[in-house]
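The structure under discussion appears below in the form of structure tokens.
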Amino acid sequence: MSVFAKAKAPRSRSLKSLIGGIAIVGVSAIVLSGCAAPAEEGGSSSGPAQDLSLKLGTALPVTGNLAFLGPPEIAGGEYAVSEINAADLGIQIELVQGDSGDTDNKAYETEIPRLLGEDVKAILGAASSGVSLQFIDQVTGAGVIQFSPANTSAAFTDYDDNGLYFRTAPSDVLQGEVLGNLIAESGAETLGMIVLNDSYGTGLASFTKEAFEAAGGEVVAETTYNTGDTTFDAQISEVLAADPDAIALITFEEVSTMIPGLSGYPADQLYFVDGNLKNFADTFPAGTLTGAKGTLPGLSVDTIADFTGALNDFWVSEGNTDLEDFSYAAESYDSVILLALASMAAGSTDSAEIAAKLQEVSGGSGDGEKCTTFADCAAIINDGGTVDYDGISGPITFNDVGDPTEATIGIYQYGEDNNYTAFN
């Protein structure tokens, strides 16, 4: 059995317990889930019923403080495109790559206009919520879909995006709830936090604090830093001076610089999040992170091993080195599949018409036929049916504001080798 939390978007978010690494939410119905069956290959069709050519762009982190997420996200998107084009079931996709960068190097300032100038119908990205907020108005204002595989800030749920913003990652309302209760369940009564000062960091910190304090704990230190900062001695000193039972590091890649400064603190009371949960291997001496835990939206790598194995083989065959992490790869893959299916369902490559079909093909309309591969879903559409795509990353099922209504939050633990595995 894989270890992850599965939840429907909650109205009541009181976490009841953590059992064997699986979070149980009351009304939001987090449940125990076994290993997902691998998607079946193929699918039958009477043949292409249409001839669509869809151009998509990406604004994913090639550079900046989330660059470690770039390879799995880019690979996921390219892999989906390769499968769609090979299937030849009525749509072909051209993918134009771009770099989102971060709010320090601001790569998006030149990349987004370039992508829009190439007449893309949707832009995949950014990974960082703070970066996406820098260009969402520019993209959706141009009538183009913005579709992120990794944005988790709650700010997007109510954002005025003309119905053109979607994401396959869940809101941090859920991750914060799981993280706060995970820390409380460890026995910690006080918590210190080092937080990236952007919409992602402060939002996730707020939800973590809310859950931890609702469980009876107290946040005794909460210090922030800005993108582009390179030294964190002041933040580390402030948190350590409060002598907390646990420390949550709600950061991006900057955590690599912070870890040596926390060397005297018990590793098993350090907590990571999706923005910095990565395999550090020999970056630090063996045992540096033994027992540290972290949370990451999405199904565990063990659960989707068939997908990650095939993805890595594809990525290497394209001349790249082996993927070191798979965070948000499945969400990126599913984003492209959904865009292609929505285009087919609409019979159009117009952005607004594709957007109008995204909820339907994800199962949000409630009356589609279940399918788990592009080929199977495309065959249903070509035969005049309505589809409900359940992806590699989960059921997805968009609500009317483009948020997934179900999510999984994995809980992981670092071993002696400074790499993480599912916590049990």
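The values are calculated or read from the model by the stated rules, or taken from the named source; none is laboratory data. Please read all numbers here as calculations on a predicted model, not as lab measurements. Ideal geometry is used to build each Cβ from the backbone, glycine not excepted, and the neighbour counts take in all protein chains shown. The protein model used for the area step is the full one, side chains on, heavy atoms only, and it has no ligands, DNA or RNA in it. Shrake-Rupley method; radii C 1.70, N 1.55, O 1.52, S 1.80 Å.
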Exercise. Which whole-Hz ³J(HN,Hα) couplings does the stretch 141-152 yield from phi under the Karplus relation 6.51 cos²θ - 1.76 cosθ + 1.60, θ = phi - 60°, glycine and proline marked x?
Worked result: x, 8, x, 10, 6, 10, 10, 9, x, 9, 5, 10
Problem set entry | Per-residue SASA entry for Thr349, accessible area with 1.4 Å probe, Å² rounded to 10 | 40
Exercise. Between the stretch 189-243 and the stretch 91-129, how many Å separate their Cα centres?
Worked result: 31
Seminar exercise, completed: Site Phe284, offset 7 angstrom along Cα→Cβ, radius 15 Å on amide nitrogen, limited to the stretch 186-200, gives 194
Exercise. Around Glu369, which amide H atoms from residues at least 5 apart in sequence, or from another chain, sit under 5 Å from its own amide H, with H modelled in the peptide plane?
Worked result: Thr386, Val387, Asp388
Seminar exercise, completed: Evaluated at 37 °C and 0.692 mPa s, the Stokes-Einstein D of the stretch 68-220 based on the Kirkwood radius over Cα pairs, in µm²/s, stands at 191
For this session: Show Arg114, Arg167 ordered by accessible area, largest first, where the area counts protein heavy atoms only and the probe is 1.4 Å.
Result: Arg114, Arg167
For this session: Grab the DSSP H runs of the chain that are 4 residues or longer, score each as -39,500 (n - 2.57), total them, divide by all residues and round the 222 nm result to the nearest 500 deg cm²/dmol.
Result: -10000 deg cm²/dmol
Seminar exercise, completed: For Asp367, the accessible surface traced by a 1.4 Å probe with all protein chains present amounts, in square angstrom to the nearest 10, to 110
Exercise. Given the options Thr397, Thr157, Thr230, which has the most mean-square fluctuation in a GNM of the chain, springs set between C-alpha atoms less than 10 angstrom apart?
Worked result: Thr230
Problem set entry | Area accessible to solvent at Ile381, 1.4 Å probe radius, in Å² | 20
For this session: For the stretch 78-120, report the convex hull volume of the alpha-carbon atoms normalised per residue, in Å³, without decimals.
Result: 66
Seminar exercise, completed: Here the tail fraction of P(r) beyond 30 Å, over all Cα-Cα pairs of the chain, rounds in percent to 38
Seminar exercise, completed: Long-range amide H partners of Ser100, meaning residues 5 or more apart or on another chain whose placed amide H is closer than 5 Å, are Leu60, Val62, Thr63
Seminar exercise, completed: HN-Hα couplings for the stretch 348-359 via Karplus (6.51, -1.76, 1.60; θ = phi - 60°), in whole Hz with x for Gly/Pro, come out as 7, 10, 6, 4, 5, 6, 5, 4, 5, 9, 5, 4
Seminar exercise, completed: Taking only Cα atoms of the stretch 317-424, the Rg to Rh ratio with Kirkwood Rh works out at 1.08
Exercise. For the stretch 329-424, which GluC sites (Glu not before Pro) are in a loop by DSSP, counting at most 15 other Cβ atoms within 10 Å?
Worked result: Glu416
Exercise. In terms of modelled amide H atoms, which long-range or inter-chain residues lie less than 5 Å from the amide H of Thr408?
Worked result: Ala7, Gly298
Exercise. Per residue, how much space in cubic angstrom lies within the convex hull of the C-alpha atoms of the stretch 197-261?
Worked result: 77
Exercise. Given the chain, what percent of its DSSP beta bridges are antiparallel, to the nearest 5?
Worked result: 35
Exercise. Along the stretch 263-271, what does the Karplus equation 6.51 cos²θ - 1.76 cosθ + 1.60 (θ = phi - 60°) give for ³J(HN,Hα), rounded to whole Hz, x for Gly and Pro?
Worked result: 4, x, 8, x, 4, 6, 10, 9, 10
For this session: Specify the angular offset, from 0 to 90 degrees and rounded to the nearest 10, of the alpha carbon long axis of helix 108-117 from the longest principal axis of the alpha carbons in the chain.
Result: 10
Exercise. Ignoring ligands, DNA and RNA, how do Glu111, Glu73 rank by accessible area with a 1.4 Å probe, largest first?
Worked result: Glu111, Glu73
Exercise. So which of Lys278/Lys357; Lys55/Lys106; Lys106/Lys293; Lys209/Lys357 end up more than 26 Å apart, counting from Cα to Cα?
Worked result: Lys278/Lys357; Lys106/Lys293; Lys209/Lys357
Exercise. What residues of the stretch 51-89 lie in the reach of a label at Ser317, counting those whose backbone N is under 19 Å from a point 7 Å from the Cα along Cα→Cβ?
Worked result: 72-89
Exercise. Using alpha-carbon positions, what is the distance between the centroids of the stretch 255-296 and the stretch 348-422, in Å?
Worked result: 32
Problem set entry | Volume per residue of the C-alpha convex hull in the stretch 142-205, rounded to whole Å³ | 92
Seminar exercise, completed: Carbon and sulfur atoms account, in whole percent of the 1.4 Å probe accessible area of the chain, for 46
Exercise. Just the C-alpha atoms of the stretch 160-294: what Rg/Rh do they give, with Rh taken as the Kirkwood radius?
Worked result: 0.98
